[in-house]
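**Student:** Let me begin by handing over the structure; questions about it come next.
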Amino acid sequence: MLLGTNVMRPTVMWGATASPSRRRLASTFAAFVSLAIGTPVAAHAQVAVVVNPSNTLEELSLEKLRRLFLGQVRSFPTGARARLAWHSGSAATFDRTALGLQPEVVRSRWMAMIFRGEAKGFPTELARSDDVKQFIRSHADAIGFLPQADVDGSVKVLTIEGKRPGDTGYVIR
């Protein structure tokens with residue numbers, strides 16, 4: 001009987017029978033869920049956007065910053081390549097205020113770009129502000145963000161929409 005041979009069986013999507021790309025996507029998703037759950041968020045702390053001191057860039061519009069951190073462009077307005085550094089403790093604040101999206105939406109967009117082959121991987125995500133500063137100092141093409149309170153002379157703070165952290169109307173808080 002034909003119906004007897006076409007009985008639907010449950011399939012395992014994430015187990016050993018899943019394709020390598022599905023397993024990779026599942027493990028990446030699981031890693032970011034665990035990062036998001038375990039990441040504390042500082043309430044109302046201003047977040048500074050920083051670059052290597054040798055970078056000639058002084059200012060970015062919020063739209064250009066947004067396009068960089070959403071992977072829509074891969075270079076600075078000057079044409080130089082941009083390497084992204086994500087401070088995990090400030091990411092939720094940055095995602096909501098600078099990118100205008102919930103953190104899980106930002107992560108989903110990056111996962112989709114990786115899955116489609118449009119990005120090689122997630123931006124470098126670092127847990128400590130000192131690690132972000134070290135990454136920025138080590139890469140002339142790096143841009144990242146961290147709490148304003150953690151900024152020192154080893155990195156250069158960019159002006160966003162004509163304002164710096166601490167100025168009235170600075171939007172990344």
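**Student:** Please give the contour-minus-distance gain from A112 to D167: 0.36 nm per residue of separation, less the Cα-Cα distance, rounded to one decimal in nm. It would help to have the intermediate numbers written out before the result.
**Tutor:** Values: separation 55, 0.36 × 55 = 19.80 nm, distance 3.58 nm.
Answer, rounded to one decimal: 16.2 nm.
**Student:** Can you tell me the length gained on complete extension of the stretch T159 to T124, counting 0.36 nm per residue apart and subtracting the Cα distance?
**Tutor:** Working: separation 35, 0.36 × 35 = 12.60 nm, distance 2.21 nm.
Contour length minus Cα-Cα distance gives 10.4 nm.
**Student:** Given H placed 1.01 Å from N in the peptide plane, which residues other than close sequence neighbours of R83 have an amide H under 5 Å from its amide H?
**Tutor:** A142, I143
**Student:** What distance in nm separates the two pseudo spin-label positions at E104 and S138, each 7 Å out from Cα along the beta-carbon direction?
**Tutor:** 3.3
**Student:** What net charge is computed for the residues neighbouring A119, neighbours being all others with C-beta under 12 Å from the C-beta of A119, Lys and Arg scored +1, Asp and Glu -1? Provide the component values of the computation, followed by the final result.
**Tutor:** On the way: positive: R74, R109, R116, K120; negative: E118.
Summing Lys/Arg as +1 and Asp/Glu as -1 gives +3.
**Student:** Explain nothing, just compute: Karplus ³J(HN,Hα) = 6.51 cos²θ - 1.76 cosθ + 1.60, θ = phi - 60°, for every residue of segment 112-125 in order, whole Hz, x for Gly and Pro.
**Tutor:** 5, 5, 5, 4, 7, x, 8, 9, 7, x, 6, x, 5, 9
**Student:** Something else: Give me the lysines in straight-line cross-link reach of K156: C-alpha distance below 25 Å, same-chain residues under 8 apart excluded.
**Tutor:** Those lysines meeting the cut-off are K64, K133.
**Student:** Let me ask something additional. Taking amide H atoms as placed 1.01 Å from N in the peptide plane, list the residues 5 or more away in sequence, or in a different chain, whose amide H sits under 5 Å from that of V49.
**Tutor:** L158
Only the coordinates and a few stated rules stand behind these numbers; no lab work does. Quick caveat: nothing in here was measured; it's all calculated off a predicted structure. Backbone-built Cβ (ideal geometry, glycine too); neighbour counts: all protein chains shown.
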